[in-house]
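Visitor: Shown below is the structure under consideration.
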Amino acid sequence: MTTATAPPEEPLSGEANRAAQEPRPWWLGALRWMVEANVAVVTFCAIVFGLFVGAILIVVTTPATLTAWGHIASAPGHSLSVIFSTLGNAFGALFTGSIFSPSAVGHAISTGNGWNTAFTPISETMVSATPLIFAGTGVAIGFSTGVFNIGGQGQLIAGALAATYVGFGVHLPIVPHLILVVLAGAAGGAVAGFIPGILKARTGAHEVIVTIMLNYVFLNLLDYLLVTPPLQQPGQSNAISRTVPASARLPHLFGGGLRVNAGFLIALGVAAAASWFMKRSTLGFEFKVIGSNPSAGRTAGMDARLASVLVLTISGALVGLAGMSTLSGTDFFLSSGYGGNNGFNAITVALLGRNKPIGVVFGSLLFAALSTGGRYLQATTNIPLDLTQVIQAVIVFLVATPALVREIFRLREAGAGKILLFTKGWGS
Amino acid sequence: MSVVELAPAPSSFVPAPDERLVSLSRVRGMGAFLLALAVVMAFAFGLGSPPHAKATFLLSAPPAVGVSALVMPVRWVSVSLAVVCAGLGVALLVRTRQRGSYLVFGLGVVVFIWALLAWAARGNSLNFVAMLAETLVSATPLVYGALSGVMCERSGVVNIAIEGQFLAGAFLGAMLGSATGVLWVGVVAGGVAGALFGALLAFLALRYGADQIIVGVVIVAFCTGLTNFLTQQVLTPYQASLNSPSTFSPVGIPLLDKIPILGPVLFFQNVFVYGAAVLLVVVHVALFQTRWGLRTRAVGEHPRAAETVGIHVLSVRYRNVILGGVIAGIGGASFTIGSIGEFSANMTAGLGYVALAAMIFGRWRPFGALGAALLFGFSISMQSFLAVLNVGIPSPFLSMAPYVITIAVVSGLVGRVRAPGADGVPYSRE
Amino acid sequence: MNLELVGITKAFGQLVANDRVDLSVGAGEVHCLLGENGAGKTTLMNVLFGMVRADSGEIRVDGQPVRFADPGDALRKGIGMVHQHFMLVPVFSVAENIVLGFEPVRRFGFLDRRRAHKEIRHLSEQFGLDVDPDALVEDLPVGAQQRVEILKALVRDARMLILDEPTAVLTPQETEALFKIIRSLASSGRSVLFITHKLKEVLAIADRITVMRQGRVVGRTTPAESGEADLAAMMVGRDVELVVAKTPAEAGDPVLELHDLCVRDERGLTAVDHVSLTVRAGEIVALAGVQGNGQTELAEAVTGLRHVESGSVRLSGKDITNATPRHALRAGVANVPEDRQADGLVLSMSVADNLVLDVYDQPPYAKLGARDLARVRAGGEAKLKEFDIRASSVEDPVSSLSGGNQQKVVVARELSRPIKLLVASQPTRGLDVGSIEYVHRRMVAERDRGAAVLVVSSELDEVLALGDSVAVMYRGRIVGVVPPTTSREQIGLMMAGAAEAQPAAVAVPSGSGVPSRSGAPSGSGSEEQ
């Protein structure tokens, strides 16, 4: 539509600023903040709703609760107590498995022993978060340029493969060796990201399709390499790679069997660097301009094609680091289907973190907690781990449509509740 | 706001692919590629096989009238086909026009595949008819998926959730087909499952203007998680009652299925294959010859123009996205009650995305998508037959083939595509 | 049809676009709604056509109150609209576009193409609207597209036709043809509501005139009662000086030299056809022509945005043919693009960032790949003052600014670095009079500073007021370069392709069409935008 009408000379935000300057008790402001659809509240509501959907799924599928439903008419009290205890156990397990177990902590405090056990859940959460932070940051940088990198799985495998080859193929003292391993991981992922980037720039092939297809290509490539020397573990007929030596392993941050390792710190460092990159660097600015309006970028002398190659390469490099971090941090060898859902969860984490590295860090910790908790849940109550993926998906649905959250939770409208639009159609 | 987009059109009364999009350099590239293939054929397939090895292509399959097998000396066939392929490559290299280049290139690829199969079947035999029949079976879900994509994207909504709708349809189709013992219930259930996720996509994308690609990807994640979860929670404990549907068996069309070669391929298939064929024609005719189609395309190309003539843009989109979901869901059901007879986690293996690529390669036209789906279907079918022949190509590389071909197709052959003008763009009235 | 709008009020946020607007149009009447850009005319028409719902007020058709929830309702009541930006599906045929939403069908919803063709042919003969029902709309020149839009309304038997700025894209001759059509519509008893900001047209065609300013009706009159100056004063709210104050040009050395330039459009059709043109330091060359005759492509070729097929572009003697946009920019070419929102600004980003969009990586705004945000901000604040940009803060997104202020951001950015050549395409399109005057003043100042200025405009008034010489483009060629004292009729003829008479000019025989390099039908592509 044509803009037949000019906004007023004094833009609205001036009005808002003045309103904000009026004195007002802080608690009233805090209350207002809590009922308006700002980023924090919307995200929180999304998480609550996601957990709620998870609870429903448990209630309608667990055999114990199903039996209880059958008796709801005859023995309602008993049925309800079964249902609530199942839910309580489930969410308790989620919490115990990912943050800490009160009993273990209590034991540790009273006896002075067992601190390792008490800290194991939180350590595991940090371990799971590490690859998500790397990969989520990579995907977020892509989104900011309007490039949708769904190739996390493939790039992660490429990074892990490169790190493994350098891990067992090179013999060096630990510090140079680790540096080399980290660089190899980034390089592997970068190569895997460069492919869709150059195809997009040169032929116009849409990165969404190419990156997805490359996931399957790398999965199969990995399967091939795992049964082929020199990667295959000598003397093994299974599809398992050689193990990397100690000099190629990321050191643990704390002793005593807690698995959280230097990878977590590197991930935080990378997130901080990415944050600087997006906010302060000229290249990051160029990426943002091209992501928001490529033709304005072009008119201002920027090269959108080069940018899409660069951004996919950088994005791939970061996702490759995710593969390196699990390989050198906890796994030490490769197997078929390496990386699991990490590549894909990177997308949900980037969306949850609203494309900001700091948001990605928190999003990663949350989803990591869900999945470590989910593993504990599966072990203790037999509820499948996949439940957490459903919960994650529900959370991201809501984060991507703040207006829906506003309606469900009856929040007041606020500027931050804007819709997330990252991607471009097929033609661009 | 630019109102008239400057680029050639995929849609009009007379469908015609646009010539100007294909550049001559691309034609040269195709020519060079054919020459490379010819080298492979001559040296790897021809001179690489034993001098007197013969390959047998069996051409009979029930219920058709039997015909004698085709027996070929591998070396001679490969070398002479290599000469043909090289000739076609040279023809492309010296061309000055683009018209018909795809045809020549396609011919070259067919010749290459012939040689490849002859080489693979050296000293052995390959049931060529069964392979073609399998091609159709493999292509069927892709056709459903691509038609679903056509339905949605022609109205301006990107449906990348096809993979998720496949999974949902496969799951619910298997479960209800198994629980009721009536396969048609499974088909309906598959359609309903797909429609549900179509409705979800429409709801989030149309009512709230959410990013369509993101919503689509998250729907896939959701469906993957949910079907995995339910498989372990529900299907596995009650495998016998909930996850053991029978499958639609092939039904011969009387007389036609007796035709040699064509009969078993085209006229001895299950209902999903026939259904895909019918649907293909229906969607094509509806899209280009009816009021519904005209309005759908208008909404997908220029929604505001449609709005100004009184068409309700969002209603058209809701309807198409949900109908598209039904089609994808039925396609999903074909995975379980069409062939395998059981649901297993992640069984669609990214074919929903391949279907999307087929739609793009087919330039948002039903029959274009069919061609692409057949191409991908053939690569899937060939891969499984080559695996059986044990030709010395590592099996991961064979499994990779459909995906690599998809990448090659979207980047090498399609290039910068022209999607419907408003594809993926949220619409609001003000 | 008798149409009345009573007390229509519509606000967008705090902005009142229509404030108790009354308007009435009788049967067979040509009613002009006059107002400058931003006066609220389009909003009013969108209310009338059911695209926007009014906050209060009433629409009456033949005395009966009606409610339009969507354009379909308006169409059913016999109201048709030709939008400023044509509402045509480019990849559809003319016939498909005309019947869309009103399709004659046979059984099972199959389109009845024969009936559609018959009806279209009948109507186009009746009103002299010449179109080919089978042609693709995207292949048609704008004039023909407009005829398609009119037919769209007629095929629905519209009793009332709204034309929103219909002449913006037409030559004077095409405008005259449109007026003939309008008169024949009126004489058939139909009402025409003609929306424009061009005074001459109002006086030529109107039976009655309603003038709007800042969302309100400020006057009702007829051509007999008011002259051009009265209408202008009413429209703007003060006396308007319709000429640009400038001294005669002191042209210096050639800055921009185009030699035999050939450029193709998106579809590979020749858009610029062997054009040679020189712009000297200290002069403004105005490139006139109906939109879509290659001016856009020419400007893009100069600024490095479009590939040059053959010929050369030289800047102060240096060859910059097919330089990258960045290279052209650094060589001293400034570019005010035609569509500021699409190509000139990143709407979601702040005013400050938009002000450095092409120097973001240069000192003082960046060092060693790191941006100096404090300097960006300070520089932005300085420019806000210098260029009189009304924004409450440089941190505001540029989308929150009015159209005039957005354009000032673009102009400020382009004029803030040392430039040899300014290329400005449609620099005042959609702006209010105050902003137009300001932008014109800055461009003249830039000329006086010694820059070469190339202005592309399809507004004849602007071309004549601003240019030190006027080059007219038609079908990719420059059909003549004439002084700005040339009569409007003369330039109008040149814009329509007729040869320019004066011997001094570089005239090209007309009527022969364009020898198209791509072999495609000549002119069919380059006509269109």
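Visitor: Residues that are more than 8 Å from every other protein chain (Cβ to nearest Cβ) and under 21 Å from the mean Cα position of the chain (by Cα): which helices (runs of 4 or more DSSP H) entirely in region B:271-363 hold 2 or more of them?
Guide: Answer list for region B:271-363: B:271-289, B:313-333, B:351-361.
Visitor: Tell me yes or no: at least one residue of region B:204-219 is closer than 12 Å to residue B:167 by Cα, at pLDDT 90 or above and open to solvent by less than 10 Å² (accessible area, probe 1.4 Å).
Guide: yes
Visitor: For region A:231-253, which residues satisfy the criterion of being assigned to a strand (DSSP E or B) and open to solvent by 80 Å² or more (accessible area, probe 1.4 Å)?
Guide: Once the filter is applied, which keeps residues that are assigned to a strand (DSSP E or B) and open to solvent by 80 Å² or more (accessible area, probe 1.4 Å), region A:231-253 yields only A:252.
Visitor: Here is a follow-up. Look through region C:292-330, keep the residues that are open to solvent by 20 Å² or more (accessible area, probe 1.4 Å) and in a loop (DSSP other than H, G, I, E, B), and return whichever of them is nearest to residue C:484 (Cα to Cα).
Guide: C:316
Visitor: Then there is this: Residue by residue through region C:332-380, note down the ones that are of a type in the set (Val, Ile, Thr) and at the interface with chain A (Cβ under 7 Å from one of its Cβ atoms).
Guide: The one that is of a type in the set (Val, Ile, Thr) and at the interface with chain A (Cβ under 7 Å from one of its Cβ atoms): C:346.
Visitor: How many residues, within region C:53-77, are part of a loop (DSSP other than H, G, I, E, B) and either farther than 24 Å from residue C:182 by Cβ or more than 13 Å from chain B (Cβ to nearest Cβ) (or both)?
Guide: 8
Visitor: Hey, could you check region C:5-21 for residues that are in contact with a Lys or Arg (Cβ under 9 Å, 6 or more places away or on another chain) and open to solvent by 10 Å² or more (accessible area, probe 1.4 Å) and say which is farthest from residue C:38 (Cα to Cα)?
Guide: In this case the residue turns out to be C:6.
Visitor: If you don't mind, another one. Test of understanding: among C:81, C:51, which residue is touching a strand residue (DSSP E or B) at 6+ places or on another chain (Cβ under 8 Å) and under 23 Å from residue C:147 (Cβ atoms)?
Guide: Exactly one of C:81, C:51 is touching a strand residue (DSSP E or B) at 6+ places or on another chain (Cβ under 8 Å) and under 23 Å from residue C:147 (Cβ atoms), namely C:81.
Visitor: While we're on this one: Looking for something not in a helix (DSSP H, G or I) and not hydroxyl-bearing (Ser, Thr, Tyr) - is there at least one such residue anywhere in region A:86-106?
Guide: yes
Visitor: State the number of residues belonging to region C:59-104 that are surrounded by fewer than 18 Cβ atoms within 10 Å (Cβ to Cβ) and in contact with a helix residue (DSSP H, G or I) (Cβ under 6 Å, 6 or more places away or on another chain).
Guide: Matching residues across region C:59-104 total 1.
Visitor: Have a look at C:272, C:236, C:244 and point out the one that is modelled with pLDDT of 90 or more and among the β-branched types (Val, Ile, Thr).
Guide: The unique qualifying residue is C:272.
Visitor: Inside region C:359-394, can you point out the residues that are outside any helix (DSSP H, G or I) and under 25 Å from residue C:427 (Cα atoms)?
Guide: Scanning region C:359-394 gives C:359, C:360, C:387, C:388, C:389, C:390, C:391, C:392, C:393, C:394.
Visitor: Say we look at region B:384-400 and pick out the residues that are without any contact (Cβ under 8 Å) to a residue 60 or more places away in the chain and surrounded by 20 or more Cβ atoms within 10 Å (Cβ to Cβ); which of these is nearest to residue B:135 (Cα to Cα)?
Guide: The qualifying residue nearest to residue B:135 (Cα to Cα) is B:399.
Visitor: For region C:271-308, give me the residue count where each residue is within 14 Å of another protein chain (Cβ to nearest Cβ) and more than 22 Å from the chain's Cα centre (by Cα).
Guide: Final tally of qualifying residues: 2.
Visitor: In region C:105-127, which residues are hydrophobic (A, V, I, L, M, F, W, C) and either open to solvent by 20 Å² or more (accessible area, probe 1.4 Å) or more than 16 Å from residue B:291 (Cβ to Cβ) (or both)?
Guide: Within region C:105-127, C:105, C:108, C:110, C:120, C:123, C:127 qualify.
Okay, residues lined up against (1) open to solvent by less than 40 Å² (accessible area, probe 1.4 Å); (2) part of a loop (DSSP other than H, G, I, E, B); (3) hydrophobic (A, V, I, L, M, F, W, C):
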residue: C:422; (1), (2), (3): yes, no, yes
residue: C:437; (1), (2), (3): no, no, no
residue: C:444; (1), (2), (3): yes, no, yes
residue: C:447; (1), (2), (3): yes, no, no
residue: C:481; (1), (2), (3): no, no, yes
residue: C:486; (1), (2), (3): yes, yes, no
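Visitor: Residues in region B:33-71 that are farther than 17 Å from residue B:389 by Cβ, under 27 Å from the mean Cα position of the chain (by Cα) and aromatic (Phe, Trp, Tyr): how many?
Guide: Selection size over region B:33-71: 1.
Visitor: Also, quick follow-up: Restricting attention to region B:235-247, report how many residues are away from chain A (no Cβ under 11 Å) and either in contact with a Leu (Cβ under 6 Å, 6 or more places away or on another chain) or in a helix (DSSP H, G or I) (or both).
Guide: So the count comes out to 5.
Visitor: Can you name the number of the only condition in (1) surrounded by 22 or more Cβ atoms within 10 Å (Cβ to Cβ); (2) at pLDDT 90 or above; (3) in contact with an Asp or Glu (Cβ under 6 Å, 6 or more places away or on another chain); (4) not aromatic (Phe, Trp, Tyr) that residue C:282 fails?
Guide: The single condition residue C:282 does not satisfy is (1).
Visitor: Moving on to the next point. Name every residue in region C:340-351 that is open to solvent by 20 Å² or more (accessible area, probe 1.4 Å), within 17 Å of residue C:430 (Cα to Cα) and either without any contact (Cβ under 8 Å) to a residue 24 or more places away in the chain or of a type in the set (Gly, Ala, Ser) (or both), in order of residue number.
Guide: Passing the criteria: C:342, C:343.
Visitor: If residue B:231 satisfies every condition in (1) under 21 Å from residue B:352 (Cβ atoms); (2) within 14 Å of chain A (Cβ to nearest Cβ); (3) free of Cβ contacts under 8 Å to residues at least 12 places away in the same chain; (4) open to solvent by 10 Å² or more (accessible area, probe 1.4 Å) but one, which is the exception?
Guide: (3)
Visitor: Among the residues of region B:301-348, write down those that are among the hydroxyl-bearing types (Ser, Thr, Tyr), buried (at least 24 other Cβ atoms within 10 Å of the Cβ) and more than 24 Å from residue B:283 (Cβ to Cβ).
Guide: B:308
Visitor: Same structure, new question: Quick one: is residue B:322 touching a helix residue (DSSP H, G or I) at 6+ places or on another chain (Cβ under 9 Å) and either hydroxyl-bearing (Ser, Thr, Tyr) or touching a residue at least 60 places away in the same chain (Cβ under 8 Å) (or both)?
Guide: yes
Visitor: Any residue in region B:84-109 that is closer than 18 Å to residue B:375 by Cβ sitting within a Cβ distance under 7 Å of a residue that is modelled with pLDDT under 90 and not in a helix (DSSP H, G or I)? List the pairs, counting only those 6 or more apart or interchain.
Guide: Between residues of region B:84-109 that are closer than 18 Å to residue B:375 by Cβ and residues that are modelled with pLDDT under 90 and not in a helix (DSSP H, G or I), the close pairs are B:101/B:22; B:101/B:95.
Visitor: Here's another thing I want to ask about it. Using the structure shown, decide if residue A:228 is within 13 Å of chain B (Cβ to nearest Cβ) and open to solvent by 20 Å² or more (accessible area, probe 1.4 Å).
Guide: Answer is yes for this residue.
So that you can scan it fast, the table gives a plain yes or no per residue for (1) in contact (Cβ under 8 Å) with a residue 40 or more places away in the chain; (2) assigned to a helix (DSSP H, G or I); (3) in contact with a strand residue (DSSP E or B) (Cβ under 7 Å, 6 or more places away or on another chain):
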{"residue": "A:168", "(1), (2), (3)": "yes, yes, no"}
{"residue": "A:172", "(1), (2), (3)": "yes, no, no"}
{"residue": "A:180", "(1), (2), (3)": "no, yes, no"}
{"residue": "A:186", "(1), (2), (3)": "yes, yes, no"}
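The values are calculated or read from the model by the stated rules, or taken from the named source; none is laboratory data. Keep in mind it's a predicted model, so treat the numbers as computed, not measured. With ideal geometry, Cβ positions are generated from the backbone for all residues, glycine too; neighbour counts draw on all protein chains shown. Protein only, heavy atoms only, side chains kept; ligands, DNA and RNA dropped before computing areas. Shrake-Rupley method; radii C 1.70, N 1.55, O 1.52, S 1.80 Å.
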